[in-house]
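Accompanying notes for the structure given below.
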Amino acid sequence: MDRYCGIDWADDHHDIAVIDDTGTVLAKERVRNDADGFARQLEILADAGDSPEDPIPIAIAIETDRGLWVAALRATDRVVYAINPLSASRYRSQRTVSGAKSDAADAVMLANILRLDADSHRQIPDDTDLARAIKVFARAQQDAVWARTALGNQIRSLLKDYFPTALTAFDGLSGGGITRADARAVLIAAPTPDAAAKLTLVRLRALLRKAGRQRNVDAAAARLREVFRAEQLRQPELVEHAMGIHLQSLVQRLDAACNAVATLTAATTEHFERHPDAKIITSFPGLAAVSGARLLAEIGDDRTRFADARGLKAYAGASPVTRASGKRTVVMHRQIKNNRLASVGSFWTLVAIQSSPGAREHFDRRRTSGDWSRQAQRHLFGKLLGQLHTCLRTRQNYDELRAFPLAPVIAA
């Protein structure tokens, strides 16, 4: 007799239900979200007939693929399905027209999803610990980059309101503008036009060197001094002072974000380069250590996760969605996708177009055939993902000639 378990999880407790292959509830209980609660869940499963000797353990459905509870379930070698909350919501609306909802009923519902429709849902991939660590680092690094960008935009917006000459001064510095360490050091020391105008060449040189600048220090200091002392529009003194304090707080947060990016980038690169898939991934044009790590973080290293390249392309949002009804057929861009993987694709294709003649020729052909730029990029992304899927499965590096052989021009 097959049995199925559903877990409706929450921060401090979980509702657990076990049913048989007829839908009869064998057990239903709420447990705490701690070690004792997990031990109680194992007892519930054992009472329902689950045992180490059972060749087919009870399958478990839960609406998340992460967290300590899921990690503990994976450690017991059980089959765990992460049910998309949107799928669960739609299943609930099919079964309960009144809109009634409870945690205990949701646990039974999740178990029934496995009983009736397990083949339509995906098991949590059996990725290695190294791949899961890379996922933690790569996502944290990407979040830190996004935070740095957001803070940089806030600082730019604030400077435009009272100190626009700072933007002129630092945008003239190569590589990063106001996110550079020397730019941040100067803004902390002189957050207002009045304070900046009082900076001497000696003080500016000291700030630049302390921030790590080693080349053209004298020229950079002279340029900053000239820009800061130029005539400019000013806010009232009290308002300017308040904005200066606001700027210092933002720059301090930007400092922390920049340090986090540096630390996480180093950790991401170190762990990614230890992974056996790293050389294959970085053999592709447009992928380096960090972008390759972000890619591996989202696709994992369980090669049974995607039965074919089509599944990987759909997961990444690189394949379109077709909606056909009656005489009308509409092909649309896929909205439900892994957004982090899709963001890797945007960067990957742009760099690949510049570094791979085959990718450039493929992109140009798609544009000539009538694709918009984003459509052509998505098509190229899908092609590269298909090649990556093959290379990872066959353990071969990227080959430009095999990836982009001469092909006829696509008809318009």
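Only the coordinates and a few stated rules stand behind these numbers; no lab work does. Nothing here was measured: the structure is a model prediction, and the numbers come from that model. With ideal geometry, Cβ positions are generated from the backbone for all residues, glycine too; neighbour counts draw on all protein chains shown.
Pop out the ³J(HN,Hα) list for the stretch 252-265 in order, Karplus 6.51 cos²θ - 1.76 cosθ + 1.60 with θ = phi - 60°, rounded to Hz; leave Gly and Pro as x.
Taking θ as phi minus 60°, the curve returns 4, 5, 5, 4, 4, 5, 5, 5, 5, 4, 4, 5, 6, 5 Hz for the stretch 252-265.
Sorting Met109, Met332, Met243 on the 10 Å Cβ count, fewest up front, what's the list?
Met332, Met243, Met109
Using a simple charge model, +1 on the beta-carbon of Lys and Arg, -1 on the beta-carbon of Asp and Glu, nothing else, what dipole does the chain show about its Cα centre, in debye to the nearest 20?
The calculation lands at about 2280 debye.
With the cut-off at 25 Å, tell me which of the pairs Lys337/Lys383; Lys101/Lys135; Lys28/Lys101; Lys28/Lys337; Lys279/Lys313; Lys135/Lys279 have Cα atoms farther apart than that.
Those over the limit are Lys101/Lys135; Lys28/Lys337.
Using only the Cα atoms of the chain, build the gyration tensor, take square roots of its eigenvalues as a ≥ b ≥ c, and label the shape rounded, prolate or oblate: rounded if a/c is under 1.5, else prolate if a/b is larger than b/c, else oblate.
prolate
Provide Cys391, Cys5 in ascending order of the number of other Cβ atoms located within 10 Å of each residue's Cβ, fewest first.
Cys391, Cys5
Could you pull the Rg and Dmax for the stretch 3-120, using just the Cα atoms, both in Å?
That works out to 13.2, 42 Å for Rg and Dmax.
Can you give the calculated 222 nm mean residue ellipticity of the chain, where each DSSP H run of n ≥ 4 adds -39,500 (n - 2.57) and the sum is split over every residue, rounded to the nearest 500 deg cm²/dmol?
Helix-only estimate at 222 nm: -18500 deg cm²/dmol.
Quick one: compute the contact order of the chain, relative version, from alpha carbon pairs under 8 angstrom and 6+ residues apart, as a percent.
Relative contact order comes out at 13 percent.
Can you give me the three principal axis dimensions of the stretch 1-54 from its C-alpha atoms, in Å, biggest first?
32, 24, 11
How would Leu159, Leu295 line up from fewest to most surrounding beta-carbon atoms within 10 angstrom?
Leu159, Leu295
Go ahead and set up a Gaussian network model of the chain, Cα springs under 10 Å, then flag whichever of Ser325, Ser343, Ser102 fluctuates most.
Top of the fluctuation ranking is Ser325.
Check which residues have an amide H placed less than 5 Å from Ala61's amide H, if you skip close sequence neighbours.
Cys5, Gly6, Ile7, Tyr81
What is the set of long-range amide H partners of Leu26 at a cut-off below 5 Å, with H atoms built 1.01 Å from backbone N?
Val18, Ile19, Asp20
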